[in-house]
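The values are calculated or read from the model by the stated rules, or taken from the named source; none is laboratory data. Here the structure is a predicted model, which means the values were calculated and not measured. Cβ coordinates were reconstructed from backbone atoms using ideal geometry, including for glycine residues, and neighbour counts include every protein chain displayed. Only protein heavy atoms, including side chains, enter the accessible area calculation; ligands, DNA and RNA are left aside. Shrake-Rupley method; radii C 1.70, N 1.55, O 1.52, S 1.80 Å.
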Amino acid sequence: MGRAFEYRRASKEKRWDKMSKLFPKLGKAISIAVKEGGSGDPDMNAKLRTAILAAKAQNMPKDNIEAAIKRALGKDGVQITEVNYEIKAPHGALFFVECATDNTTRTVANLKSYANKLGGQMLQNNSLEFMFSRKAHFAITKESAGDLEDLELNLIDAGLDSLEIEEEIVHIYGDYTSFGNLANALEERGVEVKTAALERIPTNPVEFSEEELLDIEKLLDRIEEDDDVQAVWTNIA
C-alpha cells in the first residue's frame, strides 16, 4: 500500500505508544466492567476478566488496574457509559466508533464536529452493525505457542475460528462469546499474550488509493485522539 500504509502504521504506533492516553482508556473499560458485572472480583465477573486481560496485554501496571477497580466500587465514582456511534468518512470509508463517556451529549457533539470539518457524516445507530462481525482476537508470540498444530487442536474446543501466522506473531480469532474460554485455554498453556481484545472485523473490506487513505486518516486520527473514544473499527482493507 506504499507511502499511505507506512504513514498509517507510523501514526498508529505513535498514538498507542502514548501510555498517558492508553491507560486511561483501559481504566475506563475496567470500571465499566466492574459496574456492569456488579463485582470487583474477576473470578465472579467475566467482563472484568476480559478487561483485565486486555490491560495486562498492554503492560498496564497492576496498581493501575486495582485503582480502576476501586474507583468503580466507590460510591462517589463517576458513571461511565458505553455507547457506539457510526460515521461515514471521506471516499465511502466506514467507521464504527466505540466510546466510554460520562457525558454522551459532549461525546456526540465532538464526533459531529470532527466529521463535519473533515468530510464525514454521522449515521443513524445500527446502520453499520451488519458491516462488521464481532471477534475475540489474541496475538501471541510464535515462540511461546509451541507446536502450532497441537495449539490449534487444543483451541478448537475453546471456540477457535481461525489461526493466522504473521512472522513471529500468531493471531487467534474466535467468536466474541468465546473470549473467556480462549483466554483460559491460552493461560493454561502458558503462552505469551501480546494483545487481547474484542474486535469488529469488516465483512466487506475495501481498498482505497493512497490519496484517499490520507484524507480518511485525517478524520480517523482526530476521532481516535478524543478521550471518550475507546476504539475505532473501519472497513479499510
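Taking the conditions (1) assigned to a helix (DSSP H, G or I); (2) of a type in the set (A, V, I, L, M, F, W, C); (3) within 16 Å of the chain's Cα centre (by Cα) in turn, LEU186 satisfies each one other than (3). Of all residues in region 184-197, how many are touching a residue at least 60 places away in the same chain (Cβ under 8 Å) and open to solvent by less than 20 Å² (accessible area, probe 1.4 Å)? Counting residues in region 184-197 that are touching a residue at least 60 places away in the same chain (Cβ under 8 Å) and open to solvent by less than 20 Å² (accessible area, probe 1.4 Å) gives 1.
One residue stands out in region 109-144 among those that are in contact with a Ser or Thr (Cβ under 9 Å, 6 or more places away or on another chain) and part of a helix (DSSP H, G or I): the one that is most open to solvent (accessible area, probe 1.4 Å), namely PHE130. Take the conditions (1) in contact with a strand residue (DSSP E or B) (Cβ under 6 Å, 6 or more places away or on another chain); (2) over 13 Å from VAL232 (Cβ atoms); (3) touching a residue at least 24 places away in the same chain (Cβ under 8 Å); LEU111 misses just one of them, which is (2). Residue count for region 78-97 satisfying the condition of being among the hydrophobic types (A, V, I, L, M, F, W, C), over 16 Å from THR203 (Cα atoms) and not in a strand (DSSP E or B): 3.
Applying the selection to region 65-80, what residues are without any contact (Cβ under 8 Å) to a residue 24 or more places away in the chain and either small (Gly, Ala, Ser) or surrounded by 14 or more Cβ atoms within 10 Å (Cβ to Cβ) (or both)? If the condition is that a residue be without any contact (Cβ under 8 Å) to a residue 24 or more places away in the chain and either small (Gly, Ala, Ser) or surrounded by 14 or more Cβ atoms within 10 Å (Cβ to Cβ) (or both), then GLY74 is the only one that fits. Considered as a group, the residues in region 28-53 that are assigned to a helix (DSSP H, G or I) and not aliphatic (A, V, I, L, M) include one that is most open to solvent (accessible area, probe 1.4 Å), and that residue is GLU36. Here LEU219 passes the criteria (1) open to solvent by 20 Å² or more (accessible area, probe 1.4 Å); (2) modelled with pLDDT of 95 or more; (3) within 21 Å of LYS25 (Cα to Cα) except the one numbered (1). List every residue pair whose Cβ atoms lie under 6 Å apart, where the two residues are 6 or more positions apart in sequence or sit on different chains, the first residue falls within region 162-178 and is open to solvent by 100 Å² or more (accessible area, probe 1.4 Å), and the second residue, located anywhere, is modelled with pLDDT under 95. So the pair list comes out as GLU168/LYS142. Of the residues making up region 213-230, one or more are closer than 30 Å to ARG106 by Cβ and either in contact with an Asp or Glu (Cβ under 7 Å, 6 or more places away or on another chain) or without any contact (Cβ under 8 Å) to a residue 24 or more places away in the chain (or both).
Return the residue satisfying two criteria in turn: it lies in region 199-211 and is surrounded by fewer than 17 Cβ atoms within 10 Å (Cβ to Cβ) and assigned to a strand (DSSP E or B), and of such residues it is modelled with the highest pLDDT.
Start the filter on region 199-211 by keeping residues that are surrounded by fewer than 17 Cβ atoms within 10 Å (Cβ to Cβ), which leaves 199, 201, 203-207, 209-211.
Okay, now just the ones that are also assigned to a strand (DSSP E or B), so 199, 201, 206.
On the way: GLU199: 91, ILE201: 92, VAL206: 96.
Selected residue: VAL206.
Could you give me the residue pairs with C-beta distances under 8 Å whose first residue belongs to region 37-64 and is of a type in the set (Gly, Ala, Ser), whose second residue is in a loop (DSSP other than H, G, I, E, B) and open to solvent by 40 Å² or more (accessible area, probe 1.4 Å) wherever it lies, and which are 6+ apart or on separate chains? Sorted first by the residue in region 37-64, then by its partner, the pairs are GLY37/MET44.
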